[in-house]
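Rule-based calculations on the coordinates, nothing more; no lab input. Keep in mind that this is a model prediction, so the values were computed, not measured. As a convention, Cβ positions derive from the backbone with ideal geometry for all residues, glycine included, and neighbour counts pool all protein chains shown.
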Amino acid sequence: MNVHLSHNFFRALLLSLLIVTPPLNAQDTHHWETIIEPGLVCRYLTPDSEMDSLWTIPSFDDNLWLQGPGGIGYGDDDDNTTTGPIISVYCRYDFTVWDLDDITELILDMDFDDGFVAYLNGTELARYNMGEPGSSTTYDQVSTGLQEAYLYQGNNPFRFLLSEDILSLLVEGTNTFAVEVHNESINSSDLSSNAYLHAGRSSATNIYHIPPEWFYPPFTNDSTFLPLLSIDTDRQSIPNEPRITARMKLVDNGVGNYNLTTDPGNEYSGQISIETRGESSAWFSPKLSYSLETQTDSGANNNVSLLGLPEENDWVLYAPYSDKSLIRNVLTYQVFTEMGNYAPRTRFVEVVVNDDYTGIYILTEKIKRDKNRVDMAKLKPEDIAGDELTGGYLLRIDKLTGMSDDAYWESPVDPPFPGFGPVNYSYFDPKYDELNAMQKSYIKDHMYQFEQALVSGDFKDPGSGYRAYLDIPSFVDMMILNEFNKEVDAYLFSHYFYKQKDSDGGKIVMGPPWDYNLAFGNNNYYEDVHLTYNWLYNQDNRIYWWAKIMEDDWFRNYLHCRWIDLHESVLSSEHLHEMIDSTKMVMGPSIDKNFDRWPVLGSYIWPNSFVGQTYSEEEWFLRNWIDERLEWMDGKWGGNCWPLSTETDQVVPLPEAGRIYPNPSDLSSTFVDLNGFNGSEVSFRLFDMSGRVVHQGFAAYSGSEFAYALPNLSFLPGGIYTLELSSTNEERTVFQLIKQ
């Protein structure tokens, strides 16, 4: 077996030879109690005019405010006091401090929807989705982004570790914790304002409240087993956008040596800009992923090598959360790399954000044009003619949420199958505002010409059909990768490809792959995607390209030959288990530390299809799923590789279309003759003239050779229908059916 040995393999090999002992750290805190929590009585107001600027201080007169148990809100059944739809709610909680020296630390945990600002005795503590720190707010100000509450979904809330100087705000006697929570719209379906203020106490007595079950104290062991990446935002919350500046330190003292927060940044120490990333993950996961850019102190790009990765300035910190194996992205990218393609390189790190340990992350190369990333020609503004115009376009097919109308276009080509929609292309690199009119026109026209060739009657022709446009090896490898791991969004979202210059071949190249945390069965929605059988490429609503090209026997043969080669090497069960072994060994004891921080084992986290009680069970599910998937795929594609004819460049003719009879009829007794199909039944779907599926099911073998009987369809109204039949061996054929 001749396969590439990854960075993880060598690190794991070294780690297996070492015994390491983490250093110990002392702390002054004896135990933790909760001062403020939902259910405690508060004074609250849902204002219809501007607030008094002194509403956050202890001496403010709130006797005219309403009184009730916090949190205040509506819509998610996580509210102790329910309101109707509101833009904002303002809450005040009073508490008593008897001995200032007794309180050693403060933590704020906020479970909110959609933005908030919190104060202690009139001084701002933290905010999120509410503009710049320290900036004034208005009663009717909407949040700058959406944020779903976490606790009612079984997840931990947002955490804000409060710095030591916050302790100086406390006074002996009465103190006031105040919080304003704002909605993203008056039409929003929910608002949550659940605040938890926790105190570390030096004495052994109990004064306040027992912390909730999900509470965890700060991780005082500030050493990490993996490289340590620390981010300091100077108490700013990290928004979805725009980016904020921060300081980052990356420490890697070598395999077998622990990395401390007090160590100098020997891999990086300097300025970054940073923002959160992700859509559904940002809403439903408290473990946030980030996009960051390494910068000079002046804010210019700072191309650096991090942990041996090629120099660049754009990076992603991916946060595995619902993927409890922690490795689905890493495994997928490594497989595609070993297949001979570019995929983002990765490194495991442990992350601390504003002194809060946030577990295992994956430092990942961001997709972009670069000689060490997507190695395509650079398209410059002056490239408006000739060969220079023909390449350097990195495109994406993805969700369009929040995108400008200028950032994407919809293909004018109608897919040749019912149930598939037109392709929506978006400019990725260069971005739409970096392209001139000639360049936009060129790439739009080129993709149109490709799709026209694909849906044409002679689409199989090597000179005028789809093969004239596509880089077939990358197209095949992307299909094998997607079918192997069955990522729920494959052929649908996060799909990248680029156009080469004509002088470089001029082809459309598939890749790089991106975002596979819901692969390998880690999803519980969208039909049968989490199961180890059936294909993705022919399912409705996905990119139709592969469904069409699979009608070409030449392409199918190329695919089958490539599968056989890969299944004996990169995609063998043996090799994939070795990859998992080495990756797991690299993470080592950091796995347990991560799940101490995020205790999600044994809990359903959207959209898990399997919930293991331990990491070993999650690991077993992943391994078993891979083995079953490989076995099923090999049963379909293995053994079907045939030599190509050098004269015709064609192989293995598809089954003849067959015939349907009687037609026209009343559809009470209809038979289909399918030469070349075999099996006890085939699946079918019946579409009306508008493309709507009006019936689907199975056609049973009739007893005569290759003939199948449709069920009684006489209940359908008269008209013309399209009948699509598919066999378990991937053959598909379409008939026109007339109901009298």
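If R0 equals 35 Å, the separation of the Cβ atoms of residue 216 and residue 94 corresponds to a calculated FRET efficiency of about 0.85.
Could you calculate the FRET efficiency of residue 613 with residue 385 from 1/(1 + (r/R0)^6), where r is the beta carbon distance between them and R0 is 60 Å, rounded to 0.05? List each step's numbers first, then the result.
On the way: r = 63 Å, r/R0 = 1.05.
About 0.40, to the nearest 0.05.
Taking a straight line from the alpha carbon of residue 584, these aspartates and glutamates sit under 19 Å away, with near neighbours fewer than eight places off in the same chain left out: 252, 323, 338, 350, 574, 592, 596, 617, 618, 619, 627.
What is the chain's relative contact order, in percent, from Cα pairs under 8 angstrom and six or more apart in sequence?
About 10 percent, as a whole number.
Sequence-distant contacts, meaning Cα pairs under 8 Å at least 6 residues apart, place the relative contact order of segment 285-353 at 25 percent. Cross-linked pairs 249/368; 287/324; 366/501: Cα-Cα separations exceed 18 Å for 249/368; 366/501. Peptides 376-384, 195-203 ordered by packing proxy, namely the average of other Cβ atoms within 10 Å per residue, highest first: 195-203, 376-384. Protection proxy ranking of 357-364, 597-604, 488-495, by the mean of other Cβ atoms within 10 Å over each peptide's residues and highest first, is 357-364, 488-495, 597-604. Taking Cα centroids, how far is segment 542-591 from segment 32-73 in Å? If we compute the Cα centre of each part, the gap is 57 Å.
The residues 667, 100, when put in order of fewest to most other Cβ atoms within 10 Å, stand as 100, 667. With a Förster radius of 25 Å applied to the C-beta separation of residue 568 and residue 642, the computed FRET efficiency comes to 0.90.
With Rh defined as the Kirkwood radius, the inverse of the mean 1/r over Cα pairs, the Rg/Rh of segment 31-201 is 0.94. Mean residue ellipticity, 222 nm, helices only, the chain: the sum of -39500 (n - 2.57) across DSSP H runs of n ≥ 4, divided by residue count and rounded to 500, is -5500 deg cm²/dmol. How many nm is it between the label spots at residue 186 and residue 257, if each spot is 7 Å from the Cα in line with the beta carbon? Simple spin-label model gives 6.2 nm for this pair.
Remark: the chain carries a charge dipole of roughly 1660 debye about the Cα centre, counting +1 on each Lys and Arg Cβ and -1 on each Asp and Glu Cβ.
Only Cα pairs under 8 Å and 6+ residues apart enter the sum, and on that basis the relative contact order of segment 38-113 stands at 35 percent. Put in line by how crowded their Cβ is, counting other Cβ atoms within 10 Å and starting with the fewest, 205, 144 read 205, 144. Label segment 351-476 by shape, choosing from rounded, prolate and oblate, from the square roots a ≥ b ≥ c of the eigenvalues of the Cα gyration tensor; if a/c is under 1.5 it is rounded, and otherwise prolate applies when a/b is larger than b/c, oblate when it is not. In terms of gyration-tensor shape, prolate.
Potential lengthening of the chain between residue 247 and residue 438 amounts to 64.7 nm, from the contour at 0.36 nm per residue minus the alpha-carbon distance. Here the gap between residue 577 and residue 269, fully extended at 0.36 nm per residue and compared with their Cα-Cα distance, gives a gain of 107.2 nm. Within the same chain, aspartates and glutamates fewer than 8 places from residue 548 are excluded, and of the rest, those with a Cα less than 13 Å from its Cα are 414, 451, 458, 540, 730, 731. Spacing of the modelled spin labels on residue 702 and residue 688, each 7 Å from Cα toward Cβ, amounts to 2.7 nm. When 352, 586, 694 are arranged by Cβ crowding within 10 Å, least crowded first, meaning fewest neighbours, the order is 694, 352, 586.
Where in segment 147-191 does the amide nitrogen come within less than 17 Å of the point 7 Å from the Cα of residue 46, taken along Cα to Cβ? Residues 180-191 qualify, since their backbone N sits under 17 Å from the label point.
Across all C-alpha atoms in the chain, the radius of gyration and Dmax reach 29.6, 93 Å. When you count the other C-beta atoms within 10 angstrom of each residue and take the mean per peptide, 606-617, 496-507, 471-482 line up highest first as 471-482, 496-507, 606-617.
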